[in-house]
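First comes the structure, then the notes that go with it.
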Amino acid sequence: MKKLITAWKNYKQSTNGNVAVMLALSAIPMFAAAGAALDFGRYVAVQSELTAALDSASLAAASATGKTDTERQAIAMAAFNGNIQNGAAGDLTTKATFTISNGAVTGEAHADMGTAMMNLVGVDMMDVVARNQVGVPEAGKAEIAFVLDYSGSMADKAGGQVKYVAMSAAANKLIDNVTKDPTKVKIGLVPFSQHVYGTIQSQYVKGATGATWTGCTQDQMYPYNLSGDAPNPANDASKWGQPMVAHPWAWSCADYASHHLVMRPLTNDFAGLKAQISASTPYQNTHIALGAEFGYQMLSPTGAFSGAAPYSDKQTKKFMVLLTDGMQTEPAFGPGGSRTVANGDTNLEQLCSNIKANGITIVTIAYDLSDSTQQKRLKNCASDPAKDFFVANSGADVSAAFDAITQQVNQVVYLSK
């Protein structure tokens, strides 16, 4: 009996060792699979950054009319090297080549990306590749309305960076990268929070006098606040309202100007636009629907602002870039003159539908926004939820989203990929 017990103990020890070995061996493919997902995520980020840098470089060369092919190649290389330094591929070994034929610039870029986990199965390096072809700028044009959230929460940090600072940097980078030919692009700005501040023709504002009126606005009465048409000067119900003056310790309309939260209709004064975006700082609550309302008016040929191309102009592509980090908190006008926060949500949904029906591409960015209902609303608002909706949890995510928008705009205006 004693011998039998001893033999059983020896068998258990042997079996336990085998199980440990088997578990260790089975863990390798599990770690490799998890690592592959991590490495692939980084691959996508690096490829996006590589593509954006390549596109910008090729555009610079294509736009350099009057230069020799050798000079244009040098311009492309300098632009590529400058653009790649600060992004996800900045610490990698990269190589780019540019060839010019019949005026078109063809670019190809590679980045050597070391793997973090896939080396467990023998994959130590991944070759990230981007390619493009850019013709000499011809017919394409773009109009872009930035509808950007500057409510108070945008002063918080996400991913270690102040949100509005990251947003401003990404927006200014986009401006640089889509305006290689400034005659082909116009950009407008709607910095929204509790109100939208700007200059509007007095005939479109209740109680305003003179030629123009400058101040804070409420949304129009329902259903006029769902339209891209300018208010009817003969119909007060269709006009924008002037909000009641609040207690000085609550908010002040004048503070919108001091925070540089001032609307800019479509313009090619890109230096002035960038300077304002860089200077803008957050203030007060959130009225997303009002921001979208004014973005629609800027892009509409029948809106309250001049400069937008007709919807029938097939050479001009219109974009609205809507970024927010939160929920609707400001009441909005709805059916029967009601004014509730819920109206703001339903108004935004209907606005997005109307804007898309006019052929305007809506790109939405949910920045540090965890509410699933609001994320779904923004996703449904986007023209193509698969490619025009972004969830951003850090400044790097915001930059990547704006890089993707840059590529889309440039493809319309310049690129033949």
| query | Hey, of (i) 24, 48, 19, 6, 2, 0; (ii) 26, 52, 17, 4, 1; (iii) 20, 38, 34, 7, 0, which did the structure itself give for P(r) over Cα pairs in 20 Å bins from 0, in percent when calculated? | reply | (i)
| remark: The helix 372-381 Cα axis meets the longest alpha-carbon principal axis of the chain at an angle in degrees, between 0 and 90 and rounded to 10, of 60 degrees
| remark: The answer for Ala158, listing residues at least 5 apart or on another chain whose modeled amide H is closer than 5 Å to its amide H, is Lys163
| query | When all protein chains stay in place, what accessible area (Å², nearest 10, 1.4 Å probe) is found for Asp91? | reply | 120 Å²
| said: Compute the helix-to-body angle for 2-63: its Cα long axis versus the longest principal axis of the chain, expressed 0 to 90° and rounded to tens. | reply: 40 degrees
| said: With a 1.4 Å probe and all protein chains left in place, how much of the accessible area of the chain comes from carbon and sulfur atoms, in whole percent? | reply: 55 percent
| In deg cm²/dmol and to the nearest 500, what is the mean residue ellipticity at 222 nm of the chain if only DSSP H runs of at least 4 residues count, each as -39500 (n - 2.57), divided by the residue total? | -13500 deg cm²/dmol
| task | Averaging sequence separations of C-alpha pairs under 8 Å and six or more residues apart, then dividing by the length of segment 364-403, give the relative contact order as a whole percent. | result | 48 percent
| Per residue, how much accessible area does segment 193-238 have with a 1.4 Å probe, in Å²? | 41 Å²
| remark: Sorted by accessible surface (1.4 Å probe, heavy atoms of the protein chains only), largest first, Arg264, Arg131, Arg42 come out as Arg131, Arg42, Arg264
| task | Could you give the size of the charge dipole of segment 121-263 about its Cα centre, using +1 on the Cβ of each K and R and -1 on the Cβ of each D and E, expressed in debye and rounded to the nearest 20? | result | 180 debye
| query | For helix 163-178, what angle does its Cα long axis make with the longest principal axis of the chain, in degrees from 0 to 90 and rounded to 10? | reply | 80 degrees
| Mean separation of Cα contacts under 8 Å, 6 or more apart, over the residue count of the chain: relative contact order % | 18 percent
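The values are calculated or read from the model by the stated rules, or taken from the named source; none is laboratory data. Computed from a predicted structure; not experimentally measured. FYI the Cβ positions are ideal-geometry reconstructions off the backbone, even for glycines, and counts take in every protein chain you see. Just the protein is used for accessible areas: all its heavy atoms, side chains included, with ligands, DNA and RNA removed. Shrake-Rupley method; radii C 1.70, N 1.55, O 1.52, S 1.80 Å.
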